[in-house]
Amino acid sequence: MTTVLFSYFAGVIVLMAVLVVASRKPVNSALSLLVMFFHVAGLFVLLNAEFIAAVQIIVYAGAILVLYLFVVMLLNLRAEESYHKQYLVGLVVGLAILIEAVLILSRSGFADRALPAAAPAPDVLSGNTEGIGRALYTTYLFPFEVASLILLVAMIGAIILAKKGMFGKEEKRSLR
Amino acid sequence: MIDIALNLIVVLVTIGVVMVTVLLHVAYLTYFERKILGWMQDRMGPMEVGYHGLLQPIADGLKLFFKEDIVPAQANKIIFTLAPILVLVPALIGFAVIPFGRDSIHIFGLTFRPYVTDINIGILYILAFASIGAYGVLWGGWASNNKYSLLGGLRSAAQVISYELSLGLAIVGVLLMAGSLSLVKITEAQGGGLLHWFILPQFVAFVIYLISAIAETNRLPFDLPEAESELVAGFFTEYSGMRFAFFFLAEYANMILVSCIATILFLGGWHAPFEALGFIPPVLWFVVKVYFFLFFYIWIRGTLPRLRYDQLMMFGWKVMIPLALANILVTSAVLYFVRV
């Protein structure tokens, strides 16, 4: 049962990921991406990570993709403008990456080893939300705080970019 | 094998009962709204169909069902068709985790629980699907190929993203106090009468939740995406017949859903306000509380004028979110010292 579900989710994810880059209309790409996010969430549920599945949808589908779509609709991108005749470069780079991936996979002995068993289902009573919280604030406290600092820097950067000309000389110049 | 089949029957029957009940309430909510608005504006409301217009929702439904279904010539047909479904399904699917009552019903040795399922991330599940609803509106506006519709869709997306934040942050205070994301456990944490309801310690969160919920469901005074006077009904200008009905149903289903969540998070769900009133069935308490919120919604609609777009954004980002963050800070600090 799990294998069937996994194959379904994985298949749809790959198909949708291809459609995201292959479809000519940006809005259709966004639609494919949305379907893909849902199936990724499905994979997380299969791994007994319901919390991450929900957060995956809230963050990626609920916030990030809506902003993409917003931009796409506001700019009203037409199909021709999104492609710039880069097929040749794309082909070369794609081939290089494919060869690398095949090399890595063939030498890692990944295929011989048995797959690690899925994480044991967490205690139903405590749930995996508590587990993630505990891991974040004990084992991974430092990386967690670093990540929040990086996000803060990004936020400040965005504000500075958006408010360009409101601080210092540029503003005065524009006033004159 | 028989066990699995019986389980399936129980689950399907529960889903059926919940869906039918919700859709009936959705239909009669439109009647409820028109009657209350009529009462507030000193007129009668619907009176013609049935006794005091009681059959009006059914007449409306039949009318919408038989209307011609028009797809604009320049519209993107697939997305135009998909959009109403994408709005309605998330609105209805959220009811799967709402606990409507306390007692399971036993018939023929089968146990029917008062909720479809109790998952350990219940509230996140609802938030996740609520955020999907914005896509239907956005795509509906875009696929209509009409500038008013597009503007309505874009406004709706911006509004939903902004107010989703304060909605989520307002809920965090309650989650901290209940210590669980499961709606069943949150309800159980508020047992023991009026004083244990989270509305008292989390009053700030309650007010933020109420305002954000009205904005989330695009209701007056936050109905900028469909403002009749400037956008000619916004994202569903081009929709007709059943497709229009889907948008309409979704809006009212969402109203009931956010009222259910408000009841569970802040008013103790199916708990009676006093132990002495425990003889009244819990389901009844739940329904009464939900209708209190629905009445509040309509009351607000009848009272307040629509906000301007920049006021809406300013209010959301500069008032609601800082307040919600402050509430989380205070709640967690107090809880830390109380529990240590």
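The values are calculated or read from the model by the stated rules, or taken from the named source; none is laboratory data. This is a predicted model, so every value here is computed, not measured. All Cβ positions, even for glycine, are placed from backbone atoms using ideal geometry, and neighbour counts span all protein chains on display.
Give the number of residues within the range B:158-178 that are free of Cβ contacts under 8 Å to residues at least 60 places away in the same chain and either closer than 14 Å to B:Ile264 by Cα or buried (at least 22 other Cβ atoms within 10 Å of the Cβ) (or both).
Filtering the range B:158-178 for residues free of Cβ contacts under 8 Å to residues at least 60 places away in the same chain gives B:160-161, B:164, B:167-168, B:175, B:178.
Add one more test, that the residue is either closer than 14 Å to B:Ile264 by Cα or buried (at least 22 other Cβ atoms within 10 Å of the Cβ) (or both), and what stays is B:160, B:164, B:167, B:175, B:178.
Count: 5.
Among the residues of the range A:160-170, is there at least one that is under 21 Å from A:Val55 (Cα atoms) and modelled with pLDDT under 55?
Our first condition is that a residue be under 21 Å from A:Val55 (Cα atoms); within the range A:160-170, this holds for none.
No: the range A:160-170 contains no residue that is under 21 Å from A:Val55 (Cα atoms) and modelled with pLDDT under 55.
Of all residues in the range A:39-53, how many are of a type in the set (A, V, I, L, M) and not in a helix (DSSP H, G or I)? Write out each step before concluding.
Within the range A:39-53, the subset of a type in the set (A, V, I, L, M) is A:40-41, A:43, A:45-47, A:49, A:52-53.
This time we only want the ones that are not in a helix (DSSP H, G or I), so: A:47, A:49.
So the count comes out to 2.
Against the conditions (1) of a type outside the set (D, E, K, R); (2) part of a loop (DSSP other than H, G, I, E, B); (3) touching a Phe, Trp or Tyr at 6+ places or on another chain (Cβ under 7 Å), where does B:Phe279 fall short? Just the number, please.
All conditions pass for B:Phe279, except number (3).
Please state which of the following conditions B:Pro72 fails to meet, knowing it meets all the rest: (1) more than 13 Å from chain A (Cβ to nearest Cβ); (2) out of contact with any helix residue (DSSP H, G or I) (no Cβ under 9 Å at 6 or more places or on another chain); (3) of a type outside the set (Val, Ile, Thr).
(2)
Quick check on my filter: what residues within the range B:88-107 are farther than 24 Å from B:Leu267 by Cβ and away from chain A (no Cβ under 14 Å)?
Hits for the range B:88-107 are B:Leu88, B:His106, B:Ile107.
Sort through B:Val26, B:Val49 and tell me the only one that's surrounded by 14 or more Cβ atoms within 10 Å (Cβ to Cβ) and not in a helix (DSSP H, G or I). Before you say what the answer is, go through the steps one by one.
Numbers: B:Val26 fails: not in a helix (DSSP H, G or I).
Only one candidate passes the filter, namely B:Val49.
Give me the pairs, please: first residue somewhere in the range B:47-59 and in contact (Cβ under 8 Å) with a residue 60 or more places away in the chain, second residue anywhere and surrounded by 14 or more Cβ atoms within 10 Å (Cβ to Cβ) and in a loop (DSSP other than H, G, I, E, B), beta-carbon distance under 9 Å, and either six or more positions apart or on two chains.
From residues that are in contact (Cβ under 8 Å) with a residue 60 or more places away in the chain, there are no pairs.
Just a yes or no: is a residue in the range B:93-105 within 30 Å of B:Gly241 (Cα to Cα), in a helix (DSSP H, G or I) and of a type in the set (A, V, I, L, M)?
yes
Do we find a residue being in contact with a Pro (Cβ under 9 Å, 6 or more places away or on another chain), surrounded by fewer than 20 Cβ atoms within 10 Å (Cβ to Cβ) and away from chain A (no Cβ under 14 Å) anywhere in the range B:215-230?
Yes, the range B:215-230 has at least one match.
Being of a type in the set (Val, Ile, Thr) and at pLDDT below 80 narrows it down to one residue among B:Ile171, B:Ile126, B:Ile107; which is it?
B:Ile107
Starting from the range A:132-156, take each residue that is exposed (fewer than 10 other Cβ atoms within 10 Å of the Cβ) and list its partners that are modelled with pLDDT of 85 or more and outside any helix (DSSP H, G or I), counting only C-beta distances under 9 angstrom and pairs at least six apart or across chains.
Sorted first by the residue in the range A:132-156, then by its partner, the list stays empty.
Scan the range A:66-82 and tell me whether some residue there is closer than 30 Å to A:Ser29 by Cα, away from chain B (no Cβ under 14 Å) and at pLDDT 80 or above.
So the first thing to find is which residues in the range A:66-82 are closer than 30 Å to A:Ser29 by Cα, and the list is A:66-82.
From the residues that got through so far, the ones that are away from chain B (no Cβ under 14 Å) too are A:80-82.
Next cut, at pLDDT 80 or above only: none.
The answer is no, given that none of the residues of the range A:66-82 is closer than 30 Å to A:Ser29 by Cα, away from chain B (no Cβ under 14 Å) and at pLDDT 80 or above.
Which residues, counting only those in the range A:9-28, are of a type outside the set (A, V, I, L, M, F, W, C) and free of Cβ contacts under 8 Å to residues at least 12 places away in the same chain?
Once the filter is applied, which keeps residues that are of a type outside the set (A, V, I, L, M, F, W, C) and free of Cβ contacts under 8 Å to residues at least 12 places away in the same chain, the range A:9-28 yields A:Gly11, A:Ser23, A:Asn28.
Which of the residues that make up the range B:106-136 are under 26 Å from B:Asp3 (Cα atoms), touching a helix residue (DSSP H, G or I) at 6+ places or on another chain (Cβ under 8 Å) and assigned to a loop (DSSP other than H, G, I, E, B)?
The answer is B:Arg113, B:Pro114, B:Tyr115, B:Val116, B:Thr117, B:Asp118, B:Ile119, B:Asn120.
Could you grab the pairs with beta carbons closer than 7 Å, sequence gap of 6+ or different chains, first residue in the range B:248-277 and under 30 Å from B:Leu64 (Cα atoms), second one assigned to a loop (DSSP other than H, G, I, E, B)?
Going by the 7 Å Cβ cut-off, the qualifying pairs are B:Glu251/B:Thr217; B:Glu251/B:Asn218; B:Asn254/B:Thr217; B:Met255/B:Thr217; B:Met255/B:Arg219; B:Val258/B:Thr217; B:Cys260/B:Ile98.
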